Amino acid sequence: MGDTISSGRWRRSINGSAPLSETSVSITCRRLSFCRGGCCAAAARLLLSIVTLLCLGLVEEGLSGELSDREEDGLVGPVRSVETKESLLVQIDRYDAQGRVVERMQGGLDTMPGLWPLRFSYHYDQTGRLQSEVVTDAKGDLVKETRMAYDARGHRSAEVAAWGDGTFENASLYEYDQAGLKIRGLHYNAVQVINRNLFTYDEHGRVIGERFERNYRYDAVGNQVATSDRFDAGHALVLTYDDQGRVGTKHVSDLRGRREGRSEFRYDDHGNQIEEAFYDALGRLTDRKTYRYDYDAVGNWTKETFERWESVDGGERLKQAHVRERTIVYHDATCKFSPSPSPTPVERR
């Protein structure tokens, strides 16, 4: 999906280490109109073909992957809910006893009348498989909806999203190898505006390479200027891992293999990233991201202090800093609820 309000994985941005970015929504089997984002009859045919498969049951709906939503969000233990505060933003994630996300609320200290808080609702079938994600605003009006489809092996094969007025937002298609590893993703944001991701893996099933390709380019001020039938814009990543299976380095190049830079990572005893150092194509340190954590007794962080340092004249200068705080509530053994233990600082080396 695109880098807009689009993917149920927005939660990973505020709970994980990435910056805030995304949200997602689904479509129902109803007549849709197509006018937003330059979409036309071709986009309509694409979307309606996927919707038809969903409605007719020709693409099976199911659940893919071994990790629960809670685990994918980097949480340990029987977490019931997480309230995360960052600057003017507040997000609350709620999980059931199986670790599935059931609701998400996004708001802010300075609320936007009629919009915030946004409510994300997740719908599952009787076997626990995710059916759709629906986003509504503070008035209860539909903002966006996304429906997911799965192949016969249970791998997610398609996602289709539409805005509350029924207009097309985006669609994604996925392909897997015989081992069940995702090898390709196609993301349609408008007619002939396509992003493509290609993945390669090592013998342990870990991603060691990814190509981010697109068939369009931008001008100097960031406006999309042209599309083509070739995916010749973008970049490629090569990942290496340390002895504990964590990403140790990330090498970035253009699609022709010319080096653009690399990142090196360090982690604490809980496995959370505490540093990312950036180097240019000549191996010179350009800047660093650092993270410091306070943890509760279960092992989840309750406070994250982020700093970004820029290399200047042989030294470093603080470029950016912010703090995120989390209040965590746990399920107890009988699925009743108990408060999070008091935060305990972790010793750092």
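None of the figures in this text is laboratory data; all of them are computed from the coordinates on show. Predicted model only: the values in this text are computed from it and were never measured. Backbone-built Cβ (ideal geometry, glycine too); neighbour counts: all protein chains shown.
Extension gain for the segment Tyr201 to Ala281, taken as residue separation times 0.36 nm less the Cα-Cα distance, is 26.4 nm to one decimal. Label separation (Val329 vs Thr127): 3.2 nm, computed from points 7 Å beyond Cα along the C-beta direction. Restricting the calculation to alpha carbons of segment 106-192 gives Rg and Dmax of 15.8, 49 angstrom. Taking amide hydrogens as placed 1.01 Å from N in the peptide plane, the amide H of Gly164 sits under 5 Å from those of Lys144, each at least 5 positions away in sequence or on another chain. Pairs of C-alpha atoms in segment 80-156 farther apart than 19 Å represent 46 percent of all such pairs.
With 30 Å as the limit on Cα-Cα distance, the pairs of Lys85/Lys144; Lys139/Lys182; Lys182/Lys250; Lys144/Lys182; Lys139/Lys319; Lys250/Lys303 that go past it are Lys139/Lys182; Lys139/Lys319. Per-residue 3J(HN,Hα) values for segment 176-188, derived from phi via the Karplus relation 6.51 cos²θ - 1.76 cosθ + 1.60 with θ = phi - 60°, read 10, 8, 5, 7, x, 8, 5, 10, 7, x, 10, 10, 9 Hz in sequence order (x marks Gly and Pro). For segment 283-337, the relative contact order is 27 percent, taking Cα pairs closer than 8 Å that sit 6 or more residues apart in sequence and dividing their mean separation by the residue count. With the dipole of segment 192-257 worked out from charges on the C-beta (+1 for Lys and Arg, -1 for Asp and Glu) around the Cα centre, which of Leu237, Leu255, Asn195 lies farthest toward the positive end? Checking the options against the dipole of segment 192-257, the answer is Asn195. For segment 201-302, trypsin sites (Lys or Arg not before Pro) are listed when DSSP marks them as loop and at most 16 other Cβ atoms sit within 10 Å of their Cβ; the list is Arg206, Arg230, Arg246, Arg256, Arg258, Arg284. Quantify how much of the Cα-Cα distance distribution of segment 215-279 extends past 16 Å, in percent. Of the Cα pairs, 60 percent sit more than 16 Å apart.
Along segment 148-159 the Karplus relation, 6.51 cos²θ - 1.76 cosθ + 1.60 evaluated at θ = phi - 60°, assigns HN-Hα couplings of 10, 10, 10, 7, 5, 8, x, 8, 5, 10, 7, 9 Hz to successive residues, with x for each Gly and Pro. Measuring nothing but how far apart in sequence close Cα pairs (under 8 Å, 6+ apart) lie, relative to its length, segment 168-279 scores a relative contact order of 13 percent.
Taking amide H atoms as placed 1.01 Å from N in the peptide plane, the amide H of Gly248 lies under 5 Å from those of Thr240, Tyr241, Asp242, each 5 or more residues away in sequence or on another chain. For segment 192-257, relative contact order (Cα pairs under 8 Å, six or more residues apart, normalised by length) works out to 26 percent.
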